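Note sheet for the following structure.
The values are calculated or read from the model by the stated rules, or taken from the named source; none is laboratory data. Note that the structure is a prediction, hence the values are computed from the model and not measured. Virtual Cβ from ideal backbone geometry, glycine too; neighbours counted across all protein chains shown. Keep in mind that these areas ignore ligands, DNA and RNA; they rest on the heavy atoms of the full protein, side chains included. Shrake-Rupley method; radii C 1.70, N 1.55, O 1.52, S 1.80 Å.
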Amino acid sequence: MKKRIDLSSVSSAAYKRIIALDTTIQNSGLDKTHLELIKIRASQINGCAYCLNLHTRDAVNQGETTQRIFLLNAWKETELFTEEERTILAMTEEITLISKNGLSEDNYQMAAQLFPEEYIGLIIMAIITINAWNRVAISTHKPLD
């Protein structure tokens with residue numbers, strides 16, 4: 001791929017705001033496993049090689065099993081994920097593919113049964129944030145580390 005602009009240089013103020021949002025989510029108390037599952041699943045849907053490379057590595061370093069990472073794209077067909085994780089993955093898919101229908105009432109209500117409102121807010125913000133990063137990396141052809 002041809003090299004494209006470096007948004008951190010040409011749009012540094014806006015880019016720093018995305019970093020600040022990401023830092024807020026990282027330090028928010030959102031479970032690290034939940035966060036990495038969100039990042040990997042959204043990046044799979046969006047086809048973001050840069051983010052998949054980064055976040056699968058981060059997940060393994062945090063103790064995630066390779067089996068769960070390998071099967072994340074088929075999470076609905078396995079028993080490897082908890083009810084909470086399955087709800088988060090469903091939310092991730094619906095919010096990432098927002099033009100289809102957005103976050104369904106069924107999945108929102110399932111989340112409301114499992115998590116307090118503040119945690120649901122963090123889940124939604126984490127999904128929004130990784131989708132922003134996917135779009136940055138894909139649009140600028142960010143090379144793999």
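Data for the structure
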{"item": "In region 71-87, residue most open to solvent (accessible area, probe 1.4 Å) [restricted to those that are hydroxyl-bearing (Ser, Thr, Tyr) and assigned to a loop (DSSP other than H, G, I, E, B)]", "result": "82"}
{"item": "Sole residue being touching a residue at least 60 places away in the same chain (Cβ under 8 Å) and of a type in the set (A, V, I, L, M, F, W, C), chosen from 90, 14, 49", "result": "49"}
{"item": "Check on residue 137, part of a helix (DSSP H, G or I), touching a Ser or Thr at 6+ places or on another chain (Cβ under 9 Å) and farther than 17 Å from residue 30 by Cβ", "result": "yes"}
{"item": "Every residue from region 93-118 that is within 21 Å of residue 133 (Cβ to Cβ), touching a residue at least 24 places away in the same chain (Cβ under 8 Å) and not aliphatic (A, V, I, L, M)", "result": "93, 96"}
{"item": "Filter pass, residue 56 being free of Cβ contacts under 8 Å to residues at least 60 places away in the same chain, closer than 14 Å to residue 127 by Cβ, surrounded by 11 or more Cβ atoms within 10 Å (Cβ to Cβ) and under 14 Å from the mean Cα position of the chain (by Cα)", "result": "no"}
{"item": "Selected residue [surrounded by 13 or more Cβ atoms within 10 Å (Cβ to Cβ) and closer than 20 Å to residue 145 by Cβ] from 111, 49, 126, 90", "result": "49"}
{"item": "Failed criterion for residue 102 (all others in (1) in a helix (DSSP H, G or I); (2) open to solvent by less than 40 Å² (accessible area, probe 1.4 Å) hold)", "result": "(1)"}
{"item": "Hey, residue 68 open to solvent by less than 40 Å² (accessible area, probe 1.4 Å) and either more than 23 Å from residue 125 (Cβ to Cβ) or not in a helix (DSSP H, G or I) (or both) or not", "result": "yes"}
